[in-house]
Structure formats: structure tokens, C-alpha cells
Amino acid sequence: MNLVPTPVTAALAGIFSGLTWPLIWPLLRGGATVSSLWLMLGTIVLVALPAHAFVVGFKRNQMAGAGAVDSALLVRVGAWLACATGSAVLVSMVRGSP
């Protein structure tokens, strides 16, 4: 898969995760085993997979040196976190949750 992550794709992944994650919480009521299974699957499908694909990407970048910081990755992570948090807060406000 030739997917190049950008701040826009990271922001869209954050919006997706932030909108869908609060919506699965009502589905997690039930037995401890069933809830933990759905929590694990929901985390992988709704948070980890989009974050990996659209923030980190699938290609490995060669670092310039051992102490080098990947500033582009930091920007993408920041965009993802900001959009995910904003979306989750917006969903909570619309649903009336504290």
C-alpha cells in the first residue's frame, strides 16, 4: 500500500477516531469478558488502525541521525490528537455527556 501520511490525513483519522470512539461506549455494557473483547476490537479498529495508517504510515523513513527528531511525524501526531480530542468533546456535548 503506497499511502503517504500528511497532516490532513492525520487530522481526518483523528476526526474519525474522535467521532466513533464515544459512540461505542454504550456497547461495552455487559459481562466483563464480552466488554473487554469489544473494547479491544474497538480500540484496534477505531483508533489504532487509522492512527497507524494515516499518521505513521506503512513506509519506514530513514532517520538522519540517532538524535534526529522526525518533526513531520510530530506535526501529524499533534494534528491527530487535536482533531480526535475536539471531535470527542463535540460528540460528548451533543449527546449531553459530562
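When L27, L73, L81 are checked against the criterion of being at pLDDT below 75 and surrounded by 12 or more Cβ atoms within 10 Å (Cβ to Cβ), a single residue qualifies: L27.
Of all residues in the stretch 70-91, those satisfying the criterion of being out of contact with any helix residue (DSSP H, G or I) (no Cβ under 6 Å at 6 or more places or on another chain) and closer than 13 Å to L19 by Cβ are T85, G86, V89, L90. Part of a helix (DSSP H, G or I) and either touching a Pro at 6+ places or on another chain (Cβ under 8 Å) or at pLDDT 75 or above (or both), is that true of L12? Considered against the rule, which asks whether it is part of a helix (DSSP H, G or I) and either touching a Pro at 6+ places or on another chain (Cβ under 8 Å) or at pLDDT 75 or above (or both), L12 comes out as yes.
The values are calculated or read from the model by the stated rules, or taken from the named source; none is laboratory data. Everything numeric in this text was worked out from a predicted model, so none of it was measured. Cβ coordinates were reconstructed from backbone atoms using ideal geometry, including for glycine residues, and neighbour counts include every protein chain displayed.
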